[in-house]
Amino acid sequence: MEAYTPILVLGALAAGFAVISIAIAPLTGPRRYNRAKLDRYESGIEPSPVPEGGGKISIKYFFTAMMFIVFDIEIVFLYPFAVAFDELTWFAFFAVMLFLVNITVAYAYEWRRGGMEWT
């Protein structure tokens, strides 16, 4: 249990900081509310009305979301490989190369479908 004590202490500190920050914010923050502040979006752009029953969302939104998910998965799997590169065998090297080929195919698909065109 001694090995986990620093982790538990750090977790408790993080949770305490989060709770204290949320509790103290309404007491110390400014109380100037206006129409833009209370609106659903704070970007300064008037939100467009959504038709009844939802409405259509551009497919580029989903392609962009898919691209970020693929990128996140790539980073999650490549970071440990980069850290332990010196200790790995040729099998691990070829496994990572196969993973990179799969990721490249996913990016090529995204590019081909127009997901990387931002216009």
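Some points to look at:
- Picking from residues in the range 102-119 that are among the hydrophobic types (A, V, I, L, M, F, W, C) and surrounded by 10 or more Cβ atoms within 10 Å (Cβ to Cβ), the one that is modelled with the lowest pLDDT is Met116.
- Residue check for Phe94: modelled with pLDDT under 90, closer than 30 Å to Met116 by Cβ and surrounded by 10 or more Cβ atoms within 10 Å (Cβ to Cβ): no
- Matching residues, the range 64-90, being surrounded by 13 or more Cβ atoms within 10 Å (Cβ to Cβ) and either within 16 Å of Ile103 (Cβ to Cβ) or touching a strand residue (DSSP E or B) at 6+ places or on another chain (Cβ under 8 Å) (or both): Met66, Met67, Val70, Phe71, Ile73, Glu74, Phe77, Leu78, Phe81
- The residues in the range 88-119 that are among the aromatic types (Phe, Trp, Tyr), outside any helix (DSSP H, G or I) and in contact (Cβ under 8 Å) with a residue 12 or more places away in the chain can be counted, and the count is 0.
- Residue within the range 24-37 that is within 30 Å of Arg112 (Cα to Cα) and either at pLDDT below 85 or loosely packed, with under 11 Cβ neighbours inside 10 Å (or both) present: no
The values are calculated or read from the model by the stated rules, or taken from the named source; none is laboratory data. Predicted, not measured: the structure shown is a model, and the values here were computed from it. Cβ: placed from backbone, ideal geometry, glycine included. Neighbour counts: every protein chain shown.
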